[in-house]
There are 2 protein chains.
Amino acid sequence: MKPLALPPLGRPDGMTTHDYAFNRLRQAIMVGAFRPGTSVTIRGLAEALESSPTPVREALRQLTSIGALQFLENRRIVVPHITPARFAELISLRIALESHAARRAVAHLSERQIEQIVAIDDSIETEIRKGDKVAALIANQAFHRMIYTANPDAVAMPLIESVWLQLGPILGIAMEHVTELYVVDRHREAIEALRRRDEEAAADAIAADIREGIGGFDQQAVARLLRLAA
Amino acid sequence: MKPLALPPLGRPDGMTTHDYAFNRLRQAIMVGAFRPGTSVTIRGLAEALESSPTPVREALRQLTSIGALQFLENRRIVVPHITPARFAELISLRIALESHAARRAVAHLSERQIEQIVAIDDSIETEIRKGDKVAALIANQAFHRMIYTANPDAVAMPLIESVWLQLGPILGIAMEHVTELYVVDRHREAIEALRRRDEEAAADAIAADIREGIGGFDQQAVARLLRLAA
DNA sequence: TTTCTAAAAATGTGATCACAAAAAGAGATT
DNA sequence: AATCTCTTTTTGTGATCACATTTTTAGAAA
């Protein structure tokens, strides 16, 4: 088994083997460490994570539940393929879900939280300037997550992360081919809307942000790549 | 362990023990067979399903991934509690997700499929007249599912089912207290919109349908119950 | 009766093993 | 060189067991 190309997360004490495996794999898929069609094996991952099949299989099963992996008929476990149509649906779903989540979060945001969001936005541009694509992607996700989870009952958040996971493998391809990182400017727009407590403007800004790019990558460029891969 | 109050699904040949456990439990939670706060044990369910801990634990882990169950800090496994605020968020999310899914499905619906939807809608009213709440609920879900899955890339469907699962336990309470079933009339409205291929009208009809009731139960009555339970 | 403490039971976790199915490989045949 | 067949290896599945933690129970003390 080839070593996993993952950021080496330390394993906190008290965390179960299963939780560790789940989070590690989830994070890897989320940031595009696995290409669509990649197949994984339970024993292989168990070895890579220095554990046994049982907790790894549980982690893989959970990942299938949220669309990050797929158990095929022949019992093979793969990272799902994405067609251009499916990609378009996922982006459309992101817009619906996240503009909704933003709208439902606005009323709960404190000044303090808004300042934290601004700080995260700054870190995104820092990472982009450094050219660290993965870090920029993670920071971008943190930006969105910070907004939506201001709502204490952010029931949409797990669903949004599910969509991010399904888009992850595409991002991996994008990172290999796209050199120019898209500098977000809709974020400032969103922040201004949050400051004004303007739900509709916030939802619109988030929608526009997603429509234009995914995590620093130009939307159209990614779509083009996808058509080539198909 | 008390016997499960589940519709006795036969286990198809070739289905794995894990799949059987997952589907059986999922269906049970979806139709309100478990009350919020109910705790389940791996060994208990394994015995009830005549299998062993391993596949059951996998099923439970998957169910937590989609919000149907919750692993607490002390490692207890429970059906999540729902606060009035959380309930409101879930309904709001249903509206956002399902009106979106309906909009994205309209273009794909064939005449034949629309007729099947009409047939399902008839069966809902039949079940309501018979007073079979669970059957009415299942038929109502089938009605919605049939619409959304007309889209060949219905990526929102798993997320929608996740929300249904999270609402399931509430429905169980509702079924115990609500005697009068709400007769849907927004379904006809939705069907007309589908026939006219009117995306906005379809989305609006679905949104109104959800706003007024969940699966045959009056929305306001359920919310009232929830406040009492809290 | 209430509260505290220790023993007992129950429960989640994870490693291991046997089994069956699938995939991969080796060799023969065309 | 391509295809078929049989063997070997790999892989997912599920039952079992040992272990640690948690919960429950029982009994003593206040």
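Of note:
- Applying the criterion of at least 3 residues that are more than 14 Å from every other protein chain (Cβ to nearest Cβ) and touching a residue at least 40 places away in the same chain (Cβ under 8 Å) to the helices (runs of 4 or more DSSP H) found wholly in segment A:23-134 leaves A:42-48, A:111-130.
- Residue-level check: of (1) touching a residue at least 60 places away in the same chain (Cβ under 8 Å); (2) facing chain A (nearest Cβ under 10 Å); (3) surrounded by fewer than 16 Cβ atoms within 10 Å (Cβ to Cβ), residue B:152 misses just (1).
Conditions tested, residue by residue: (1) at pLDDT 95 or above; (2) more than 13 Å from DNA strand D (Cβ to nearest atom); (3) among the polar types (S, T, N, Q).
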{"site": "A:68", "(1), (2), (3)": "yes, yes, no"}
{"site": "A:83", "(1), (2), (3)": "no, yes, yes"}
{"site": "A:88", "(1), (2), (3)": "no, yes, no"}
{"site": "A:92", "(1), (2), (3)": "yes, yes, yes"}
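- Residue identified as open to solvent by 30 Å² or more (accessible area, probe 1.4 Å) and on the phi > 0 side of the Ramachandran plot among B:103, B:197, B:186: B:197
- Complete set of residues in segment A:19-75 that are touching a strand residue (DSSP E or B) at 6+ places or on another chain (Cβ under 9 Å), farther than 26 Å from residue B:75 by Cβ and open to solvent by less than 20 Å² (accessible area, probe 1.4 Å): A:40
The values are calculated or read from the model by the stated rules, or taken from the named source; none is laboratory data. Remember, predicted model here, so these are calculated numbers, not experimental data. Positions of Cβ are backbone-derived with ideal geometry, glycine not excepted, and every protein chain shown enters the neighbour counts. What goes into the accessible areas is simple: the full protein's heavy atoms, side chains included, and nothing from ligands, DNA or RNA. Shrake-Rupley method; radii C 1.70, N 1.55, O 1.52, S 1.80 Å.
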